[in-house]
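A short write-up of the structure that comes next.
The values are calculated or read from the model by the stated rules, or taken from the named source; none is laboratory data. The shown structure was predicted, so the numbers you read here are calculated from the model rather than taken from an experiment. As a convention, Cβ positions derive from the backbone with ideal geometry for all residues, glycine included, and neighbour counts pool all protein chains shown. We work out accessible area using only protein heavy atoms, side chains counted, and drop any ligands, DNA or RNA first. Shrake-Rupley method; radii C 1.70, N 1.55, O 1.52, S 1.80 Å.
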Amino acid sequence: EFHITNNLMNSRVTTTATRPTPDISTPPNPAPVTDYRAIVYLYMDGAMDSYSALVPMNCYLNQQYVSVRGDIAIKSGLLPIDASTSDQPCDDFGLHPSLSNIHSLYNDGDASFIANVGPLIKTMDKYEFEAGSKPQPMALFAHNTQTQITQTVFAQDASAGGVLGRIGDSINNREGSDVFDAYSISGTPKVLEGAPSVSKPADVLSGSGVADFIPKAGTFEANIEALSENVVTSIYGETFSVSMTNAIYRTRLLDEVIGNVTLDEDSCFTNAGTDLADQFEQVARIIKSRDGLEAKRDVFYVSIGGFDTHSDNGPVLTNLLSQIDDSISCFASEMKSQGVWSNVTVISASEFGRTLTSNGLGTDHAWGGNHFIAGGSVAGGRIHGQYP
């Protein structure tokens, strides 16, 4: 397959200039980064049943919960947390039995929950929603559109830039230099998209490391570079060539810097044995390489799928939450070992919540849901927002 922009050279131009080597390298003796900050965005693809993750206990809401949820209600094994300082309808809540490590982080003040969060244009009640008397986010309950809206935090316009990408643009504009880096360890998500003229594109890795050319394409890497070695007069061709050349050099740089990094918690990630743990391991390796990368402000995207549980009354969710819990535990331990747990925040997200009621087999698409944040500097040990 061939892609054509237009004529790469103006016919009246008789000389060509060789493209300068991109200024993408590491300093020989990098100074320690002293003001590092990072956000890790954990996306739960498919719409997580978050009313099985955070459950009211020892109050009137628990009876309502058990009655409404029916066969999917969790009646035993919940991990109790104190919400007495959180201005919630109950002082006691419980976490899903699979979330033992996040439970510990909450009790240590290193994690908190945000209740009933979801996209809105204007606040509304059930009757205003049913009457359509106020503007609503587009295509509510549709996975694709709500993924876009969740990752832009801009319910009026699903085509807006990603929320982390826009944060990066703002930081770069304020600093007057490129101090923001974005990394995806799982594809090319909307949340990392910023303005092309302000921030460079996100680096895309995989759970096994730097994502290079596939083996067959790698044999043509020198030829690809040769095709882009001369400056051309076409703005389209020049933009493509610059992007391709920068991508090749950036890939080599990342491979050089993080390729041989070892972690104190390497065995923890390995023993977890999941793709999500591998993704968090790559995030930890990049963070450990912050001095060589001269990193100041980083954002990372990791994801786990399988949450569209229309026909699951518990086992699938239990497995998925266990993977999240194990990965967060390894990651938090590694960040503490690196001395940067207070500089890193992990946030969870999903395109929407799921119904409180059972469909007989599982749960269906709904709206608001409950999520967690974790890190050494979060306002932990609390439930923010308003449950349910």
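At a glance:
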quantity	calculated
Lone unmet requirement of (1) in contact (Cβ under 8 Å) with a residue 24 or more places away in the chain; (2) open to solvent by less than 50 Å² (accessible area, probe 1.4 Å); (3) under 20 Å from D125 (Cα atoms); (4) not basic (K, R) for S358	(3)
Residues located in region 101-151, provided they are touching a helix residue (DSSP H, G or I) at 6+ places or on another chain (Cβ under 6 Å), at pLDDT below 95, under 20 Å from L54 (Cα atoms) and open to solvent by 30 Å² or more (accessible area, probe 1.4 Å)	none
Test for F154: is it closer than 29 Å to A47 by Cβ, among the hydrophobic types (A, V, I, L, M, F, W, C) and open to solvent by 40 Å² or more (accessible area, probe 1.4 Å)	yes
Residue pairs meeting the criteria (Cβ under 8 Å; at least 6 apart or on separate chains; first farther than 29 Å from D266 by Cα and of a type in the set (S, T, N, Q), in region 196-225; second assigned to a strand (DSSP E or B) and modelled with pLDDT of 80 or more)	S199/F180; S199/A182
Only listed residue being touching a residue at least 60 places away in the same chain (Cβ under 8 Å) and among the β-branched types (V, I, T), chosen from T188, T150, T145, T123	T150
Among (1) outside any loop (DSSP other than H, G, I, E, B); (2) closer than 26 Å to P22 by Cα; (3) open to solvent by less than 30 Å² (accessible area, probe 1.4 Å), the one test that S199 misses	(1)
Among residues of region 283-313, those that are assigned to a loop (DSSP other than H, G, I, E, B), open to solvent by less than 30 Å² (accessible area, probe 1.4 Å) and not hydroxyl-bearing (S, T, Y), counted	5
Yes/no for N319 being closer than 17 Å to S100 by Cα, at pLDDT 95 or above and polar (S, T, N, Q)	yes
Checking L192 against (1) over 22 Å from R285 (Cβ atoms); (2) buried (at least 20 other Cβ atoms within 10 Å of the Cβ), the condition it does not meet	(1)
Condition check for F280: more than 20 Å from I185 (Cα to Cα), assigned to a helix (DSSP H, G or I) and in contact with a Ser or Thr (Cβ under 8 Å, 6 or more places away or on another chain)	no
